[in-house]
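Trainee: This is the structure I have questions about; it appears just below.
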Amino acid sequence: MPPLSHILSSCQDGSVELNVRPKLPVPASFYRAMAAGCRPLQSDNFSSPYFLAYDLSQATGKIEMIKKVGSTEIQLKHRASCHCGAVVLELDLPDGIVDPRRCDCSMCRRRGTIVASVPLAGISIVQGKEALRLYQFNTHTAKHYFCAHCGIYTHHQRRSNPAQYGYNVGCLEGVNPFDLGAVPTYDGVNHPADRNHDD
């Protein structure tokens, strides 16, 4: 993948030209990057255009970064917890909630959460590590964590990008995810990493 500075200069003159799979659903950040003059990218370092779209829109400053939800200001280090309070996480959110979304894979359809992502180093378990349980299915690549006491999903290591955790926006202290309004839905049934599975 080209360095970020190269992507930025390429975006500005609209010259980035690489291939993506046709008809693959992509998040709103992808379209914002396109509107900024970028073209779709595909890289061996990523399993889908989603993450190129993320990097492109980040480079052009067009990615959605939410720093306030309702009356709650998103802190640089914001705490999240399960329902019973046994599990408490601290998330590094210097840009706020970045590109919140839903997914329609078999897991996300059932839990119904809005998720956003952080790097693996962006989540610390403050308390309740012993209360976390791991659930895996299908390819057993993604790692879904939930509280053993109340059952709430808190976060997961992503299959599409194992260098990131997805986290449950509804677990953030003071955040009502319904205050976010409409968010994009990713096509998890036709997962870009594996067309025959959802994970």
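Nothing in this text is a laboratory measurement; each read-out follows from the coordinates by a stated rule. Because the structure is a prediction, the values reported are computed rather than measured. Ideal geometry is used to build each Cβ from the backbone, glycine not excepted, and the neighbour counts take in all protein chains shown.
Trainee: Taking amide H positions as placed in the peptide plane 1.01 Å from N, state which residues far from Thr154 in sequence (5 or more) or on other chains have amide H under 5 Å from it.
Mentor: Here the answer is Tyr145, Phe146, Cys147, since their amide H atoms fall under 5 Å of that of Thr154.
Trainee: Please list 3J(HN,Hα) in residue order for segment 145-156, calculated via the Karplus relation 6.51 cos²θ - 1.76 cosθ + 1.60 where θ = phi - 60°; whole Hz, with x for glycine and proline.
Mentor: 10, 8, 7, 5, 8, 9, x, 6, 6, 9, 6, 8
Trainee: Working out 0.36 nm times the residue gap between Asp104 and Glu90, then minus their Cα-Cα distance, what length gain in nm do you get to one decimal?
Mentor: 2.4 nm
Trainee: Local charge sum around Glu90 (other residues, Cβ-Cβ under 14 Å, Lys/Arg +1, Asp/Glu -1)?
Mentor: Result for the local shell: +1.
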